[in-house]
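Here, each number is a calculation from the coordinates, and none is a lab measurement. These numbers come from a predicted model, not from an experiment. Note: ideal-geometry Cβ built from the backbone for every residue, glycine included; neighbour counts use all protein chains shown.
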């Protein structure tokens, strides 16, 4: 008779230091002793292009099996090409304005993940009629994660405005993710609320890796150019001692990736500070 023994650590284990709570990647040690390998979690990503895109850089020239050389923008999918399915030729009728009306620019974002024309209003009763599909998916596959979903943007859509023209709420252009709210049965459309999009990459980084500290703590760490990992040296060392060689490699790679992200964020912040300084000096 043979026995299989392996130290098992909780899937939701976090390392905690001064002002830092760090989630860990999925490790073999987080699976039961009899499990073969740790299976990665399913992920869903929805991307909206408000200003259009170049179809020729995305779509293969012919239908059928993907070509040996993928279009330029999809080249990063080469390692998983045999697991990739591309759908083209789709069109959302809900994003078209009724004949003789204007304002389609104000509802295409809202219709993107619902397939429903939103309510035409600039008031607080803006709704897209259904939770967006990303939030429906998040309720299913994101329930066991610290962050079920992240809403990100790359430009400020002027969220301080209440009316973006044509009588439509700016919520329809400022957000593509909406959650459902309790709705009286007498209302024709389900009430929904937009989830704000985050523009600042530093804030996103802190939500992913540095949650647990105050805003002042995080700001001080940024000024001092200290890594969030500096507060976790002892915890990381102790964790490595309890892991096998494969898991130690995963942790080391994870730590290196976090430090690289911090380096890039610092470069981006320095560049922004120089740009602001140059602009200020012209006045």
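Tabulated data
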| quantity | calculated |
| --- | --- |
| FRET efficiency estimate (nearest 0.05) - Cβ-Cβ, residue 90 to residue 186, R0 25 angstrom | 0.15 |
| Cβ-based exposure ranking for 264, 119, in which fewest neighbours within 10 Å come first | 264, 119 |
| Pair residue 28, residue 251: separation of 7 Å Cα→Cβ label points (nm) | 1.5 nm |
| Inter-label distance, nm, simple model (7 Å from Cα along the C-beta direction), residue 139/residue 156 | 3.4 nm |
| Peptides 245-251, 121-127, 47-53 ordered by average Cβ neighbours within 10 Å, highest first | 121-127, 245-251, 47-53 |
